[in-house]
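Visitor: Handing you a structure now.
Nothing in this text is a laboratory measurement; each read-out follows from the coordinates by a stated rule. Just so we're clear, the structure is a prediction, and the values are computed from it rather than from any experiment. Neighbour counts run over all protein chains shown; Cβ positions are idealised from the backbone, glycine included.
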Amino acid sequence: MSAIDDLVTELAKLPGIGRKTAQRLTFHLLKQPAEAATRLADAIRAVRERVRACSVCGTLTDEDPCAICADPRREASMLCVVEEPADVTAIERTGRFRGRYHVLGGRLSPLEGVGPEALRLDRLMERVANGSGVLEVIIATNPSMEGEVTATYLQQLLKPTGIRVTRIARGLPVGGDLEYADGVTIAQALLARRDMAESE
């Protein structure tokens, strides 16, 4: 197998990258100056060597604790629980949440053999223990079957603490048409409705 085929094969293993896209990326890299390929290789190597899970929240970072956990301006009373580090990035992109995070490192999936012991639940319970200052836990797992199972499990797990447990609302995306939405999405949008006066 040639060096080109090797690179195409490795790139095609990345999520969302098919063989044709991998070929385009490979030929694009070959057209670039040698320094560009070296910079890319160095960046990949640096990420592998320096990035690790934050010891507090579990998100990926090259400093420990991560910038969010180390920021004294973040609201310590609100803790948003997500499945993966990418979810933290997605929520941060909105600029609307100023609390802290807890990354589970996955979601419950009995069919795949992922049980509670595989998630960072012990650390979550330590973080919400008495005297921690956490008043609300926002469950922001994905709206999949596994995400819903995880959310329900978390709700039951946190119930004895007396802390307020909320779930992010789900519904129709901005710019979406009702006629193309599935029934579950429409039902969730109806359940998560709010009074128009609240948005004024």
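Visitor: Given N residues in segment 1-117, what is its alpha carbon radius of gyration divided by 2.2 N^0.38 Å? Could the numbers behind the result be given before it?
Guide: On the way: Rg = 18.7 Å, N = 117, 2.2 N^0.38 = 13.4 Å.
Compared with the compact-globule rule of thumb, segment 1-117 sits at 1.39.
Visitor: By the scheme Lys and Arg +1, Asp and Glu -1, what is the net charge of all other residues having a beta-carbon under 9 Å from that of residue 107? Intermediate results must be reported in sequence, preceding the final value.
Guide: Details: positive: none; negative: 83, 84, 146.
Computed value for this residue: -3.
Visitor: Where the centroid of each part is defined by its Cα atoms, how far is segment 96-143 from segment 1-61 in Å?
Guide: Between the Cα centres of segment 96-143 and segment 1-61 lies a distance of 30 Å.
Visitor: Give me the tail of P(r) for segment 60-167 as a percent: Cα-Cα pairs with distance above 16 Å. Don't skip to the answer; put the middle values down first.
Guide: Details: 3343 of 5778 pairs.
The proportion of pairs with Cα distances above 16 Å equals 58 percent.
Visitor: Can you give the calculated 222 nm mean residue ellipticity of the chain, where each DSSP H run of n ≥ 4 adds -39,500 (n - 2.57) and the sum is split over every residue, rounded to the nearest 500 deg cm²/dmol? Walk me through the numbers on the way to the answer.
Guide: Working: 8 runs with 84 residues, N = 200.
It lands at -12500 deg cm²/dmol.
Visitor: If you don't mind, another one. Over the chain, with a Gaussian network built from C-alpha contacts below 10 Å, which listed residue (45, 98, 167) shows the highest mean-square fluctuation?
Guide: 45
Visitor: At a threshold of 8 angstrom on Cα-Cα distance, excluding pairs fewer than six apart, so keeping six or more, what relative contact order does the chain reach in percent?
Guide: Working: 216 pairs, mean separation 25.1, N = 200.
After rounding, I find 13 percent.
Visitor: Trypsin sites (Lys or Arg not before Pro) within segment 55-93: which are DSSP loop residues with at most 11 other Cβ atoms inside 10 Å? Could the numbers behind the result be given before it?
Guide: Working: sites: 73, 74, 93; in loops: 73, 74.
Those satisfying the criteria are 73.
Visitor: Using only the Cα atoms of the chain, each taken as one equal point scatterer with no solvent, compute I(q) by the Debye sum, divide by I(0), and report log10 of the ratio at q = 0.13, 0.15, 0.18 Å⁻¹.
Guide: Result of the Debye calculation: -0.93, -1.09, -1.27.
Visitor: Rank 140, 12, 37 by mean-square fluctuation in a GNM of the chain with C-alpha springs under 10 angstrom and give only the top-ranked residue.
Guide: Between 140, 12, 37, it is 12 that shows the largest mean-square fluctuation.
Visitor: Further, regarding this structure: So which residue, out of 147, 106, 18, gets the largest mean-square fluctuation from a GNM of the chain using Cα contacts under 10 Å as springs?
Guide: Largest GNM mean-square fluctuation: 18.
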